[in-house]
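The numbers here are math on the coordinates, done by the rules we state, and not lab data. Please read these numbers as outputs of a predicted model, since none were measured by experiment. Cβ atoms come from the backbone with ideal geometry, glycine included; neighbour counts cover every protein chain shown.
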Amino acid sequence: MKINKVREMSSPELEKELGELKSELFKLKFSLATNGLENTAKIKEVKKDIAKVNTILTERKIAEAKK
């Protein structure tokens, strides 16, 4: 997921996306634990996407607080 795409999303969309990413991460970790995961790099990608979404949400909260 590109950071520009994340910035274009509204806050409610980001909250929804964050929930979806967290559930996807859980599923990937579960698959890894049960030896059913072929692409382990996908976990790293999802973690980075979660961090991107959290960063944008935090930036927006700080910007609102300054106003």
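Across region 1-49, what is the total count of residues that are part of a helix (DSSP H, G or I), basic (Lys, Arg) and out of contact with any helix residue (DSSP H, G or I) (no Cβ under 8 Å at 6 or more places or on another chain)? The qualifying residues number 5.
Within region 19-46, the residues that satisfy the criterion of being loosely packed, with under 15 Cβ neighbours inside 10 Å and either among the β-branched types (Val, Ile, Thr) or touching a residue at least 24 places away in the same chain (Cβ under 8 Å) (or both) are Lys22, Thr34, Thr40. The residues of region 1-39 that are of a type in the set (A, V, I, L, M) and in contact with a Lys or Arg (Cβ under 8 Å, 6 or more places away or on another chain), listed by number, are Met1, Ile3, Val6, Leu25, Leu28.
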